[in-house]
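Structure record follows, encoded as structure tokens.
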Amino acid sequence: MSKRDWGIDDPQETYWYNTRTGEVEDGPQSLSKDRIGPFASREEASRAPQVVEERAREWAAEDAREDR
């Protein structure tokens, strides 16, 4: 299913990571609560769990610095 199937008229394709299935989706195919994105490439979307983990560590470090 593509974005156009969802009524989204955008010539640029996007990719999403489905947190329930662990699969990359071409366009938004699942419920928003089950996906992370959008990403510009399939490869980038496949790294979504690592990206989320990296960002969480960065935010925690930033919060720790601000608490000093």
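The values are calculated or read from the model by the stated rules, or taken from the named source; none is laboratory data. These numbers were taken from a predicted model, which means no experiment stands behind them. For neighbour counting, all protein chains shown are included, and Cβ atoms are generated from backbone atoms with ideal geometry for every residue, glycine included.
Just a few scattered comments:
- Applying the criterion of being surrounded by fewer than 11 Cβ atoms within 10 Å (Cβ to Cβ) and among the acidic types (Asp, Glu) to the residues of the range 4-37, the residue that is modelled with the highest pLDDT is Asp5.
- Considering the range 38-68, and only residues there that are under 21 Å from Thr14 (Cα atoms), of a type in the set (Lys, Arg) and assigned to a helix (DSSP H, G or I), the residue that is modelled with the highest pLDDT turns out to be Arg42.
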